[in-house]
Each structure stands twice: as C-alpha cells, then as structure tokens.
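What follows is one structure encoded as structure tokens, with my remarks underneath.
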Amino acid sequence: MLLHILIASVCFTLIIPNTRGAKCKDGDHIGEGDPKGKDDDIDTTNGLSFLFDRSDSKMTFDCCGFVKQWEFYAKANTGTVYFQVWRPAGASYTLVGENMYTVSSGNENKEIQYPISTSERVSVQSGDIIGIYQPGSPIVSHKEEGKTNEYRQTTAVGGLAVGSTFNWGTVSQSTKRKYAIRADVTNGNNPSITNLAATVTFTDDTAVGTVLFTVAVADADTLDTLTTTMTTTTSLFSFDATSLEVKNTQQLSAGTTTLNFQVSDVCGNTDSGTLTIIATNIPPVIHNLPYNIDVTEDLTTELQLYVINATDTSPYDTVTCSIQSVSPTTSIFFTKITSGSSYGIYIQAFPSLSYDAVNVYDLTVACTDSKDTVTGTFYVYVTRNNAPVFTNLQASVNTTSQTPTSTSIYTVTSSDSEGDQLYYNMTCSSPSCPFAIFHSGEVRTTANLAEYTEAGYDLYIYVYDGTTLVGPKTLTVIVTDINSAPAITNLPLASSVPVPENSPLGLSVFQVSYTDIDSTDTHVFQATYSPSSGGSILTINSTTGLISTSSSANINFESLTSASVVVNVQLSDGMASATSSLTVSVMDVNEAPGFGKTLYHLTGTEGAAGSLVGNPAFDVTDPDTGATQKFSIDCPEFNMDSTTAAVTLAANYDLDISGVASQVTCNVSVTDGQLTATSLLQITITDVNDNTPSFGQPSYTFYAQPNVAVGNVLGSVVATDADVGEFGTVSYTLDQVSLGNEYFGVQSNGDLYVKTGLTSFSSGQTLSLTATVTDSGGLTDAATVTIVIPESTTAAPTTTTDRHVTFLEDPRNIAWVSVGVVILLGLVALMVYQSFKFNDYSRLAQWCQRSSSKPSNKPRRHYRIPHYHSKRVRDIPEIRYSSNSVETEWQPWRTGTQEL
C-alpha cells in the first residue's frame, strides 16, 4: 500500500510539469525578438482585440511560468492597451490574465518595455497564446509580412473580465501580418508552507472533528494557483485541501503522530513541511477531597465513611481508587466499589479506636486511569464520648454592695447524656474577685462587696464530666450601687485613620464610642495631641466624642512638622475616667501647579527649524514638594522643552514669506503628571537679515561711444534681495579706482548711467569696474561690469565730426599684413636659394630692378570710420557702408556689421 502511494506521488510530481509544459527560463521570450522591427504600419479601427495563434507558434507559450515584462512598439497613437494571455479549450478560449499599459503623449513611435510587478504577473502554461485588446485607438504597430494564418482580430471581444471565455473559432484568421509585441517570461517563485514544521498538543478527550491545525501557504506570485496535499496516509486525521484544515477523525489516543504536507504550483514547484500532533492523557479528577469525618472512639461495626467522586473525561479510561497510605500506619481503613464505578472509604468493625492514643488519621486516597494517578486527603477524627452541656449560661445577674458574704447570687446548671458526675470551676475578669463557684453550680460571694470599687465582674465558668472539660461560659455580675468607670470601646485601632490634606473644614474623622454601666452619668471628652501642633488641625467634641478637622484652619501637608498626629482621648464621668488614643495620618494630596501670570511674552528671531526662540521664564508654583513639572505648547510652529520650557522653532520660520505672522499667541500648559494649569504665551518673531542681495548675473557688458552724453543710461545692473522690510532695501556702488575718476554711476533702480564724459577714452578701448550691491544689513554681492568703447562701423549722424583713419590704425589690417609679410619673405628666400643652387641670377636681378623703380605718384587713399551716438548698443541697427562713406576701393572686411 505504501509503495503504491509513493509511486502515485512521484507520478503526480512528474505529470504536473509535463501537462503544464517545461518550466520557463528566466530571460526567455515569446513573440517578436525585436518589436521595433515591426514598426511599419498601424491599424485604423478602434476597439480591436487580437489573438496571435500564428501557424509558426511564435506567439504561443511553450513553457510554464509567468510573464515578467511586455515589450512592444507604440505607433503614432496614445491610449490604453491590454496585453492578454488566452488559453484554448476547443474553439473557445479563456482569458487567463491581462496587464494594462497606457501610452502617454511623448511615448509614441517608441519601443516600450513594460515590466510587471511580481503581484500582477500573469501565469502561463504551454499552449497559451498572446493577445491584445486596444479599447481606443490602435497602439501596437505591425509589418506586412509572413505566411498564412498569422492572427485573428475582432471588435466583438471588448473589455472581458479575466476568467471569461470567447469563441475565437468564429473569427477568421488573417494572413501576412506580424505585430510588434513580445512577452519576456520567468520561472516564477516557489510556493512555501509558512507555518511548518510545527507541533500542536491536544488532550485525549478532544472531540472528533476538531480543527487541530490550519496549514498556511504562500507564493510571491499572487496570481499563481497553489495545491496543498497531506502526503501521509492515516485514518486518524483528515485534511481539507480547500480550507487547509487538519481534523481528527477518531478519538485521540495518547501518543505522537507526524503528518507530512506538500504545496505545489501549476508549474510543479513544491515545498513541504511536517506537523507533529501530540495527544496527552487527561488524568482523573477527585472532586470531593480533601474531606474529614468524626468517628467515636467506641465504634464496633463496619462503617462506610465516605463515597469518593472521581471521574475521567476520556471515555476510554476506567478509574480505580484505593487507600495509598495512612498516617499513623494502620490497616483498619479500606476502599471498595459501592455502586456502579464509585468507590467508598470504609472502616472495619471493632477498629479499637482510642482518642487518647490517636485522635486523627490522615488517609491518602489514590485514583488512577492506568496512566496517571491523582491523590486526595481524607481525615478521620476520633472523638470522645459526649461532653456535658451548660443549660443556663451565658447569663447576667445584678446584686448590691450590701450583699453579705457567702450569699448565693446564681446557680449554674448543666446536663450530661451519660449521666456522669459533673464538676465546676471558674476564673474571673478581675484579679481581686469576691465570688466563687461550688460543685453544685452555686455562685456565692466571698467578701463584703462594699469594700470593692468595681461595678461589674465577668465570671468564666467550666464544667467537667471526668473525661471532657467544657467551657468557659460567662456569668456577668453587676454591682448596681457602685460607680462604674466608663470604658472606651473602639480604641485603640490597629491602624491609623487617614485624612487627606485640604479636607473640608469640620470634616468628621472618627467617632469615639464608649460604655458605662452607670447610664445616667454625664460624660465629658477631652483630647491632647502629639505633636501639639495637631491641635490646630483637629478637634474633639466634648459631648459627643466626635473627632473632626478644624473649623477654621485648612490642613496643608507641606507645612506640617509631622504627617502623623496622635490623639490622646480622655473620657470622664466626673468620678472615674478612661483613656485611649488613635493616630491620624495626614495624606499628601496632589495639588495642581499654577502659572503666576495669565499672559507671558517672548521675543525671538526667525530662523531654521530647531533654532532657539528663547525661554519665557514661567513663574510656576506647585504646593507639592518634590513635584516634577512638564511644559507643553499647542502652537504647531513651535516646540517647547518639557523640562526647561525653552521654545524652539518646529519648522523653518521665515517672515520674508507672505502670510507668515510675526506674532503668535499660544496656549501653554504645565502638568505634574496628573493635574494641569494653562496660560497664554505671546511670541513675537523679529526679522533678521538672512538673505544676501544678488545680481542677476556675474558680469555685465555695455557699449558706449566716447562722446556719449552725461546722464545717458547704458543698461541695468539691478539686484534682488529676498528679504522684505528694512533688510530688503539695497544700494549700489561702483569701484572705479582703476579708471582714475568716477565716470559712471548706478541709480537706486539699478540703471547704470554716464556720470562724467568719456572723451578721454578712444574707440576700441575696454573699461573694467566692479559693481557692488549692499542691503541695509550689510550683506553684499558683486558683479564685474565691462564698458566697451566700440570702433565705429556705421555712418555718423550729422552732429558728429569724422576723421580719417590710417591703414595701420586699423588692428585688423595689422593682422593680415603680418601674415603677408611672412609669406613674402618666404618667397624671397626661396628665389635666392634657387638662384644660388642653379647659378641663375637673371631672375633675381630683374626682381631687384623692379623693386628699385620709382613708386607711383598716385595719392594714397584713406578710409574713415565715423563715430555715432547710441543710448544702448543693443538698439543699433545693421548699417552697411555706402560708396561715399569710405574713401578707398580696398575693403578687406565685410561691409555690413552689427554691434550687439
């Protein structure tokens, strides 16, 4: 049988992967290897669904695993596309799963990789087919190529729910079109049994069908389907593969059972675990022990002393009981079944009991279910014969001080069931007792009562039958005409009387009670206090004996020299008195702390979170000595140290931000852990210069002609400062030391203007200076300012006087002439070299002759550069030279220029 089960398990393990296909390898893909290669065209119909059941099976999964990524080419349109997995079942197909992706603007005409999170990966099996659904405009591109039977397309599918079916067999296959999509697969994660190995313990009385354990399984691939089985064959337990519950199918017997479990996913990945079930025996229970019983010492017959009530909750166990031991050792006790399964405790006949020898037997009774034994104790007390009984005590009798000696004042009576001779004796409450009792029970005076001052006596009387002494019983004798001293009946006390501090004035603390045989006496109460200061907080009513708190002074624990006050009470009837005492303990009561003011003020500066605002220096008082106070604040902008009350910023506080208040009123609290007091704290935050002014750029360049008018604005070097208020005001300065004069100035709005004429500077010259901006708090920023005196390239206005510029005054001419001279010298050197090399000096002579001839008398022409005025260089338009503007036909540069 076990062999068959083993073979079946192996086959099951081997068959599952084969029916689902081989496990996918991480990194493999199904579909087009390069989707971008299929980016030629796109469909035009909206709402299309596709099933790619290609004849070459390139879009058909050949393994068991999960889709970890979709890769496709999004052509032209934006919108949503659903990547689907269909599972064939004849002509119908089941939608196994899908992943949605939305192509947003800017991602068109791109190859898109869409990785899938583990929890959303679609489980695939061999034979599953890729499909897509585009509810709106077509997204995935295709290429017209391939063979017949490449795909199916229809608008009839629509937004099907996962698990639904569609008869794709009714849709004709289309040909020669391959779509730009592929699915990257992975083998997925292994399932696991998360709560095994485990051990559970139950008792042998557990009901059949009880849930003993619930197996817990998990898989990181949440869309995977798991199958859990119990691989152990047993008739004692069952396993529900749906609820994963383990139950007992029979009554548990004591012992240990091991059950094996296995979980597998659709691809054949498995995990296993072991559950150990321990069944323990429940021992029997003795319900009515310990117990005791009395047996007379003259017993002569066998007697059932007690019936043991012992049970066992397990229906399979039988309980037996016996006498395990007897102390002192004897064999006169035994057990036997009384009726059914109950056992009784018996004593044998003629046990020869003797109260004087052994007056109690301690029996240990043991009950067992053959596995566990429990014990209980049973006591047998041996009693004497019946004791005598008083018939007229307790009692009280009155007499006078004039009663003669040897006068009978009372006769005590008793009875005895055996008729034994009875004997009496007595003791007295007073050491000098003028009474005695005789064997007849008669109580007589033994002295003249007038010679005694006590008004009453308690006589403690005993009776004895020769075996048993009975008593005492009390006979109270009252001498009616002798003054009886009063007695305080409820003092002293075993513990002190607590009184909380701040108790109401006149609060009742303790009522002194007393007794006096002379009921007509007038009684007066007095009290003294230790320490004597207790008299200021406590008082006693001289008539009623009521101790109460003072009617005028409040009790303050912290001002007391001692928390305990001893009240010595004296009660007098005018002739005799009684004294006693009690201790009153004053209890310290927690009292609320308090602020000295209803409003406090604190001033600090803005700053970063955690910056200290200050300490409001609260004047907090707490009547309780040693109490610890903690502070808090309710404004979210601030934190308060619970110990020091120091206030810090809870977040960055910047008054330069619009809407940030400079003054906030907060509720502050102080607590001693139980009681709380509140006040107001007005916090004023002042602005600080925390922002440096800043130029918009590190350097500026402006252009100006030498004859620019004074006051003319060349440009702007305006700076900004994030501070508001006084620290946001900035001023400008220019460092012109290197220029030797203040030629420029900056207005308050940042405009750079000409302060002194620039006629001392020539065209083409560059001036450098430094602009500095400073706020009212002294923070600065600097920028480099460059003033360019440009060379004129435009015709001069009518108000400007032109001058001729020589050829060498133009630095551009110097540049190309230098290059030409170098080239000319090279040619001359070459000609000289060739003449000497070939001994031919004729050419050299001709060249020298031409060089020494007279120059032409044709006058040299000059060109001139006109000057111009412009408020800002950036506003100069492009101007081209005319034939009248330049007096030369030689123009090596371009004639049209523009200055920026």
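Among the candidates VAL589, VAL565, VAL613, which residue alone is farther than 29 Å from THR671 by Cα and in contact with a Phe, Trp or Tyr (Cβ under 8 Å, 6 or more places away or on another chain)? Before the answer, list the steps.
Details: VAL589 fails: farther than 29 Å from THR671 by Cα; VAL613 fails: farther than 29 Å from THR671 by Cα.
Of the residues listed, the single one that is farther than 29 Å from THR671 by Cα and in contact with a Phe, Trp or Tyr (Cβ under 8 Å, 6 or more places away or on another chain) is VAL565.
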Problem set entry | Any hit, region 237-255, residues being crowded, with 20+ Cβ neighbours inside 10 Å, in a loop (DSSP other than H, G, I, E, B) and in contact (Cβ under 8 Å) with a residue 40 or more places away in the chain | yes
Seminar exercise, completed: When GLU791 is run through (1) closer than 22 Å to PRO698 by Cβ; (2) of a type in the set (Asp, Glu); (3) in contact with a Gly (Cβ under 7 Å, 6 or more places away or on another chain), the failure sits at (1)
Exercise. Is one or more of the residues making up region 280-302 on the phi > 0 side of the Ramachandran plot and either modelled with pLDDT of 95 or more or not basic (Lys, Arg) (or both)?
Worked result: no
Exercise. Does any residue of region 127-149 turn out to be touching a residue at least 60 places away in the same chain (Cβ under 8 Å), charged (D, E, K, R) and in contact with a Leu (Cβ under 7 Å, 6 or more places away or on another chain)?
Worked result: no
Problem set entry | Complete set of residues in region 136-166 that are under 53 Å from the mean Cα position of the chain (by Cα) and surrounded by fewer than 16 Cβ atoms within 10 Å (Cβ to Cβ) | GLY136, THR155, ALA156, GLY158, GLY159, ALA161, VAL162, GLY163, SER164, THR165
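Being more than 30 Å from LEU223 (Cβ to Cβ) and not assigned by TED's automatic domain parsing to the domain that holds ASP372 narrows it down to one residue among THR330, THR276, THR296, THR335; which is it? Lay out the reasoning, then the answer.
Numbers: THR330 fails: not assigned by TED's automatic domain parsing to the domain that holds ASP372; THR296 fails: not assigned by TED's automatic domain parsing to the domain that holds ASP372; THR335 fails: not assigned by TED's automatic domain parsing to the domain that holds ASP372.
Answer to the check: THR276.
Can we say LYS23 is basic (Lys, Arg), within 49 Å of the chain's Cα centre (by Cα) and modelled with pLDDT under 90? Write out each step before concluding.
Details: basic (Lys, Arg): yes; within 49 Å of the chain's Cα centre (by Cα): yes; modelled with pLDDT under 90: yes.
Judged against the criteria, LYS23 is a match.
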Exercise. Considering only residues of region 589-611 that are of a type in the set (Val, Ile, Thr) and closer than 30 Å to ASN652 by Cβ, which is surrounded by the fewest Cβ atoms within 10 Å (Cβ to Cβ)?
Worked result: THR603
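Determine which member of the set ARG54, ARG121 is basic (Lys, Arg) and closer than 25 Å to THR148 by Cα.
Working: ARG121 fails: closer than 25 Å to THR148 by Cα.
When all the criteria are applied, what remains is ARG54.
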Exercise. Could you list, in sequence order, the residues of region 208-230 that are of a type in the set (A, V, I, L, M) and touching a residue at least 40 places away in the same chain (Cβ under 8 Å)?
Worked result: VAL208, LEU212, VAL215, VAL217, ALA220, LEU223
For this session: Take region 568-590 and flag every residue that is among the hydrophobic types (A, V, I, L, M, F, W, C) and more than 11 Å from VAL499 (Cβ to Cβ).
Result: VAL569, LEU571, MET575, ALA576, ALA578, LEU582
Problem set entry | Output for region 620-655, where each listed residue is over 18 Å from THR603 (Cβ atoms), part of a loop (DSSP other than H, G, I, E, B) and charged (D, E, K, R) | ASP622, ASP624, ASP634
Problem set entry | Search result, residues across region 655-683 that are touching a residue at least 40 places away in the same chain (Cβ under 8 Å) and of a type in the set (Gly, Ala, Ser) | GLY673, ALA677, SER679
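Limited to region 742-762, what total is found for residues that are outside any loop (DSSP other than H, G, I, E, B) and in contact with a Ser or Thr (Cβ under 6 Å, 6 or more places away or on another chain)?
Within region 742-762, the subset outside any loop (DSSP other than H, G, I, E, B) is 744-746, 751-754.
With the extra rule that they be in contact with a Ser or Thr (Cβ under 6 Å, 6 or more places away or on another chain), the set shrinks to 751.
Number of matching residues: 1.
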Exercise. Closer than 30 Å to THR445 by Cα, modelled with pLDDT of 90 or more and either exposed (fewer than 13 other Cβ atoms within 10 Å of the Cβ) or hydroxyl-bearing (Ser, Thr, Tyr) (or both): does that describe TYR529?
Worked result: no
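If you go through region 302-311 one residue at a time, do you hit one that is part of a loop (DSSP other than H, G, I, E, B) and out of contact with any Lys or Arg (no Cβ under 6 Å at 6 or more places or on another chain)? If you could, list the steps in order and put the result at the bottom.
If we filter region 302-311 for residues that are part of a loop (DSSP other than H, G, I, E, B), which is where we start, we get 302, 309.
Keeping just the survivors that are out of contact with any Lys or Arg (no Cβ under 6 Å at 6 or more places or on another chain) gives 302, 309.
Scanning region 302-311, I find at least one residue that is part of a loop (DSSP other than H, G, I, E, B) and out of contact with any Lys or Arg (no Cβ under 6 Å at 6 or more places or on another chain), so the answer is yes.
Please return the ranges of strands (runs of 3 or more DSSP E) entirely within region 344-435 where 2 or more residues are in the same structural domain as LEU459 (by TED's automatic domain parsing) and without any contact (Cβ under 8 Å) to a residue 40 or more places away in the chain. Please lay out each step first, then the result.
Numbers: elements: 360-368, 373-383, 395-399, 408-411, 423-428.
Output list reads 408-411, 423-428.
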Problem set entry | Qualifying residue in region 42-63 (condition: surrounded by 19 or more Cβ atoms within 10 Å (Cβ to Cβ), in a loop (DSSP other than H, G, I, E, B) and under 45 Å from the mean Cα position of the chain (by Cα)) | no
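State yes or no: is ALA494 without any contact (Cβ under 8 Å) to a residue 12 or more places away in the chain, assigned to a loop (DSSP other than H, G, I, E, B) and not assigned by TED's automatic domain parsing to the domain that holds LEU571?
Numbers: without any contact (Cβ under 8 Å) to a residue 12 or more places away in the chain: yes; assigned to a loop (DSSP other than H, G, I, E, B): yes; not assigned by TED's automatic domain parsing to the domain that holds LEU571: yes.
Answer is yes for this residue.
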Problem set entry | Pairs with Cβ under 7 Å, 6+ apart, first in region 684-705 and at pLDDT below 90, second crowded, with 16+ Cβ neighbours inside 10 Å and among the polar types (S, T, N, Q) | THR686/THR605; VAL688/THR605
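Restricted to region 442-467, and to residues that are part of a loop (DSSP other than H, G, I, E, B) and in contact with an Asp or Glu (Cβ under 9 Å, 6 or more places away or on another chain), which residue is farthest from ILE409 (Cα to Cα)?
At the first step, the residues of region 442-467 found to be part of a loop (DSSP other than H, G, I, E, B) are 446-448, 452-455, 465-467.
Next cut, in contact with an Asp or Glu (Cβ under 9 Å, 6 or more places away or on another chain) only: 455, 465-467.
Numbers: ALA455: 15, ASP465: 24, GLY466: 27, THR467: 29 Å.
Among those that are part of a loop (DSSP other than H, G, I, E, B) and in contact with an Asp or Glu (Cβ under 9 Å, 6 or more places away or on another chain), it is THR467.
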Exercise. Is one or more of the residues making up region 503-518 of a type outside the set (Lys, Arg), within 24 Å of SER484 (Cβ to Cβ) and free of Cβ contacts under 8 Å to residues at least 12 places away in the same chain?
Worked result: no
Problem set entry | Search result, residues across region 66-108 that are at positive phi and in contact with a Ser or Thr (Cβ under 6 Å, 6 or more places away or on another chain) | GLY79
Problem set entry | Residue in region 350-362 that is under 30 Å from TYR457 (Cβ atoms) and surrounded by 13 or more Cβ atoms within 10 Å (Cβ to Cβ) present | no
For this session: Test each condition in (1) under 25 Å from THR242 (Cα atoms); (2) surrounded by 19 or more Cβ atoms within 10 Å (Cβ to Cβ); (3) of a type in the set (A, V, I, L, M); (4) out of contact with any Asp or Glu (no Cβ under 6 Å at 6 or more places or on another chain) for ILE278 and report the one that comes out false.
Result: (2)
Problem set entry | Members of region 111-135 that are under 14 Å from TRP70 (Cα atoms) and surrounded by fewer than 14 Cβ atoms within 10 Å (Cβ to Cβ) | GLN113, PRO115, SER117
Exercise. Do we have TYR114 as modelled with pLDDT of 95 or more, in a strand (DSSP E or B) and either assigned by TED's automatic domain parsing to the domain that holds PHE261 or under 42 Å from the mean Cα position of the chain (by Cα) (or both) here?
Worked result: yes
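The values are calculated or read from the model by the stated rules, or taken from the named source; none is laboratory data. These numbers were taken from a predicted model, which means no experiment stands behind them. Neighbour counts are summed over all protein chains in view; Cβ atoms, including those assigned to glycine, are modelled from backbone coordinates with ideal geometry.
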